[in-house]
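A.B. asks: Submitted below is the structure of interest, expressed as structure tokens.
The values are calculated or read from the model by the stated rules, or taken from the named source; none is laboratory data. The structure displayed is predicted, hence computed values, not measured ones. Every residue, glycine among them, receives a Cβ derived from its backbone with ideal geometry; neighbour counts consider all protein chains shown. Areas reflect the complete protein model, heavy atoms only, side chains present, ligands, DNA and RNA absent. Shrake-Rupley method; radii C 1.70, N 1.55, O 1.52, S 1.80 Å.
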Amino acid sequence: MTNPEPHHIGILAHSAEGATLSYRTVWQEGIRKMGAHAHPRITMSGGAMAPTLDLWERGDLAALRQIFWDDAARLASAGADFFILPDNTAHIALEQPGPDFAIPCLHIAEVVAAQAQADGRRHIGVLGTSWTMEGPVYKEALARCALDRSIPALADREIIQKAIFDELCLGDFRPETRAEFVRIIGELKAQGCDAAALVCTEIPLLITPDISPLPILDSTRLQAQAAVAVALGEAAMPTWRGGAI
């Protein structure tokens, strides 16, 4: 009896560096589990992020959700069985009310929170865009796993936000920025955090486990690895199609 074909993974791209890391991780994880040159089928769809930035600034979550809905429909049309969106901030829009997405989504914050719980963590420091750090997605996902959450001080949140959009999303990884992020993670450790959730999908390209003052939860790679587990039937197919968790 032959093994069934793995489920087809859709990647909904929003920020280019994060989506690229997600794609790379999916096929690397596929090779690790399936053997050389093997991985589940992957389709990626997404427009440039530039037209969405004004929508983020204006807080037009309904318009952003529609953009993501359209791209999820494209992934479904290409045959994807489910999708991942390797952009943490985008999940704020995905959680807004609206029509169901054409295929289910593996929610990135749920994956991170589950891993933190499995690792025995209790207090998570969250680093991402200002919208992610200050918004509801991780606050609620971590709370559902009975985990405490801290975010950096306002001045440090502003440093992180500027670095993400002026540097990291553009593939610019500077030593001085790396030093600032290490300092900020050190501050979170001093507040009692026992892990740092890197929940902007580009931050893991800047901060690696060997230089972080805290163990890290790499949202990009965790979600991609979880997607491969779903594709291979090692984990249940997600059922969430947008809206409230």
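A.B. asks: Can you tell me the FRET efficiency between Q117 and R178 if r is taken as the Cβ-Cβ distance and R0 is 30 Å, rounded to the nearest 0.05?
C.D. replies: On the way: r = 29 Å, r/R0 = 0.95.
Calculated transfer efficiency: 0.55.
A.B. asks: Mind listing the long-range amide H neighbours of F83? Cut-off is under 5 Å, sequence gap 5 or more, other chains count too, H placed in the peptide plane at 1.01 Å from N.
C.D. replies: G10, C105, L106
A.B. asks: A further question on this structure: Taking only C-alpha pairs under 8 Å that are 6+ residues apart, what is the relative contact order of segment 130-195 in percent? Before the final figure, lay out each step's value.
C.D. replies: Details: 25 pairs, mean separation 22.3, N = 66.
For segment 130-195, the relative contact order is 34 percent.
A.B. asks: When N counts the residues of segment 112-245, how does its alpha-carbon radius of gyration compare numerically with 2.2 N^0.38 Å, as a ratio?
C.D. replies: Dividing the Cα radius of gyration by 2.2 N^0.38 Å gives 1.05.
A.B. asks: Looking at segment 1-127, what % of the alpha carbon pairs are farther apart than 22 Å?
C.D. replies: Details: 3369 of 8001 pairs.
Taking all Cα-Cα pairs of segment 1-127, the fraction more than 22 Å apart is 42 percent.
A.B. asks: Between 0 and 90 degrees, rounded to the nearest ten: what's the tilt of helix 61-77 against the longest Cα principal axis of the chain?
C.D. replies: 30 degrees
A.B. asks: Right, another one. Hey, any idea what Rg/Rh is for the chain, computing Rh the Kirkwood way over Cα pairs?
C.D. replies: On the way: Rg = 17.2 Å, Rh = 18.1 Å.
Reported Rg/Rh, Kirkwood definition of Rh: 0.95.
A.B. asks: Considering only DSSP states other than H, G, I, E and B, which trypsin sites (Lys or Arg not before Pro) in segment 1-69 qualify as loop sites with at most 14 other Cβ atoms within 10 Å? Walk me through the intermediate numbers first.
C.D. replies: On the way: sites: R24, R32, K33, R41, R58, R65; in loops: R41.
Here no loop site has a sparse enough neighbourhood.
A.B. asks: Now a separate question. Ignoring everything except DSSP H segments at least 4 long, calculate the 222 nm mean residue ellipticity for the chain; use -39,500 (n - 2.57) per segment, divide by total residues, nearest 500.
C.D. replies: Numbers: 10 runs with 117 residues, N = 245.
Computed mean residue ellipticity for the chain: -14500 deg cm²/dmol.
A.B. asks: Another question about this same structure. Volume per residue, Å³, of the convex hull around the alpha-carbon atoms of segment 42-100?
C.D. replies: On the way: hull volume 4.9 nm³, N = 59.
With only Cα atoms used, segment 42-100 gives 82 Å³ per residue.
A.B. asks: May I ask which of K139/K189; K139/K162; K33/K162 have a Cα-Cα span longer than 29 Å here?
C.D. replies: On the way: K139/K189 18 Å; K139/K162 22 Å; K33/K162 38 Å.
Pairs exceeding the cut-off: K33/K162.
A.B. asks: Another question, then. List, in order, the whole-Hz ³J(HN,Hα) value for each residue of segment 105-119 obtained from phi through the Karplus relation with A = 6.51, B = -1.76, C = 1.60 and θ = phi - 60°; use x for Gly and Pro.
C.D. replies: 10, 8, 5, 5, 6, 5, 5, 5, 4, 5, 5, 4, 5, 5, 7
A.B. asks: Whole-Hz Karplus ³J(HN,Hα) for segment 198-203, in order, using 6.51 cos²θ - 1.76 cosθ + 1.60 and θ = phi - 60°, x for Gly and Pro?
C.D. replies: Couplings: 8, 10, 10, 5, 8, 4 Hz.
A.B. asks: Here's something else I'd like to know. Using only Cα atoms, what Kirkwood radius does segment 104-178 have, in angstroms? Provide the component values of the computation, followed by the final result.
C.D. replies: Values: mean 1/r = 0.0742 Å⁻¹.
Here the Kirkwood hydrodynamic radius works out to 13.5 Å.
A.B. asks: What percentage of the solvent-accessible surface of the chain, computed with a 1.4 Å probe over protein heavy atoms, is contributed by carbon and sulfur atoms? Mind showing how you got there, number by number?
C.D. replies: On the way: 5650 of 10780 Å².
The computed percentage sits at 52.
A.B. asks: Shifting gears a bit: Averaged per residue, what accessible surface does the chain expose to a 1.4 Å probe, in Å²?
C.D. replies: Numbers: 10780 Å² over 245 residues.
With the other protein chains kept in place, the chain gives 44 Å² per residue.
A.B. asks: On a 0 to 90 degree scale, rounded to 10, what angle separates helix 175-190 from the longest Cα axis of the chain?
C.D. replies: Roughly 80 degrees between the two axes.
A.B. asks: Which angle from 0 to 90°, rounded to the nearest 10, does the C-alpha axis of helix 16-34 make with the longest principal axis of the chain?
C.D. replies: Helix 16-34 and the main axis of the chain meet at about 60 degrees.
A.B. asks: Relative contact order of the chain, please, whole-number percent, based on alpha carbon pairs below 8 angstrom and at least 6 residues apart. Don't jump to the answer; show the numbers that get you there.
C.D. replies: On the way: 455 pairs, mean separation 65.5, N = 245.
Answer for the chain is 27 percent.
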